[in-house]
Amino acid sequence: MQNLMAVTFLFVIVGIIIVPVLIINSFEGSEKPSEIVEEANECDIVITVYFHATGEIKVLPLEDYLVGVLAAEMPASFELEALKAQAVAARTYALRRLTLNIDSDAHPEAAVCTNPNHCQAYLSSEDMRSRWGAINYSKHRSKMEEAVFSTKGMVLTYDGRLIEPVYHSTSNGRTENSEDVWLSKLPYLRSVESPWDRYSPRFQETRTLTVAQVDAALGTNLGALPVAAMQGTNQDAIRVLETTSTDRIKRLNIGGRTLMGTEVRTALGLNSTHFTWELQGDKITFITRGFGHGVGMSQYGANGMAKEGATFEEILKHFYTGVELEVFKRDNLWQQ
């Protein structure tokens, strides 16, 4: 009888204490926010975000917003120090737009938007689950949160002001000077070596277009040239007029029309302005090196540095010349 009572008592203890503990622990590994997230939710800086796909405007805690940006802008497989560097760059970008109250015709009532062609990309929790799958969601999200909240409040400055922390996927082996892509020459956006990019899957790619597609996109008339002129790398059809210090094309002549390399890249959907070509009758194959505008931090370069042991601060100070890493104060919110 005593043995029966002991067994019964044991089952009661298991039901009351141990089972609930197991259930709670199972949620801690999936849905329950980590302690670091709870701490970050106390952040008193918020940002208005325009969701371009739905037209909604939401007010989000800055650091929570950055988790979504990081998840969208950099692969979860990247090294933690590279993710930290990206988090600081993304935070600096957002705060610069917030502090300077930069007007935008695309979203006049919001500081930033989720369109990567205009501001920074962003993934919601649902988007993250869709991208990573249910099994990897918790692990990858925790990694993004660690990168964001372990660098909480950190920004990049030059001469005491927030920088324009532009970044891109993959360089051609060197990043680009800002004035060779845009009009402004910024002292912290100088060309630097990035040999790690050669390991990027986007380092070199080809894109083949018909002559008719090129003419339609660029307003040229290559289709009128004789067949002999449309073979190989004939300079009569396409001729480089000027390159940048990193061998990207700055100006070129196509079928008698002079265009900027950036115009051609955008119009033809090329990965970068570092490209060569091969004419094949009614087709043109473009061979590009690098992916993106090439200015500022190379994301694959950052990951390569992290794999070699570089810290996020070392990564940032390599790609952004002469910058300082500081903790942004709320008191400075409107003083930039």
Could you say which residue among S169, S124 is touching a Gly at 6+ places or on another chain (Cβ under 7 Å) and under 18 Å from G292 (Cβ atoms)?
S169
Out of curiosity, is E39 out of contact with any Cys (no Cβ under 7 Å at 6 or more places or on another chain), modelled with pLDDT of 95 or more and acidic (D, E)?
no
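Take the stretch 135-177 and flag every residue that is of a type in the set (D, E) and either surrounded by fewer than 20 Cβ atoms within 10 Å (Cβ to Cβ) or touching a Phe, Trp or Tyr at 6+ places or on another chain (Cβ under 9 Å) (or both).
E146, D159, E164
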What about A237, is it buried (at least 19 other Cβ atoms within 10 Å of the Cβ) and assigned by TED's automatic domain parsing to the domain that holds F78?
no
Note on the stretch 59-104: residues more than 12 Å from the chain's Cα centre (by Cα), small (G, A, S) and part of a helix (DSSP H, G or I) are A94
Evaluate the following for T157: is it in a strand (DSSP E or B) and farther than 18 Å from K84 by Cα?
no
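Let's see how each residue does on (1) over 21 Å from L189 (Cα atoms); (2) touching a Gly at 6+ places or on another chain (Cβ under 9 Å):
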position	(1), (2)
V227	yes, yes
Q231	yes, yes
I254	yes, no
Q280	yes, yes
I287	yes, no
A302	no, no
Scan the stretch 146-167 and report the pairs whose first residue is at positive phi and whose second residue is among the hydrophobic types (A, V, I, L, M, F, W, C), with Cβ atoms within less than 7 Å and a gap of 6+ or a chain change.
G153/V327; G153/F328
Could you tell me how many of the residues in the stretch 105-134 are in a loop (DSSP other than H, G, I, E, B), over 18 Å from the mean Cα position of the chain (by Cα) and exposed (fewer than 12 other Cβ atoms within 10 Å of the Cβ)?
3
Is it fair to say K139 is part of a helix (DSSP H, G or I), assigned by TED's automatic domain parsing to the domain that holds G68 and closer than 27 Å to E313 by Cβ?
yes
Being modelled with pLDDT of 95 or more and in the same structural domain as K84 (by TED's automatic domain parsing) is the requirement here; does A267 meet it?
no
Among residues belonging to the stretch 42-54 that are surrounded by fewer than 16 Cβ atoms within 10 Å (Cβ to Cβ) and within 17 Å of A121 (Cβ to Cβ), point out the one that is modelled with the lowest pLDDT.
A53
Is there a residue in the stretch 217-239 that is charged (D, E, K, R) and in contact with a strand residue (DSSP E or B) (Cβ under 6 Å, 6 or more places away or on another chain)?
yes
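The values are calculated or read from the model by the stated rules, or taken from the named source; none is laboratory data. No experiment lies behind these values; they were computed from the predicted model shown. Please note: Cβ atoms are built from the backbone with ideal geometry, for glycine as well, and neighbour counts cover all protein chains shown.
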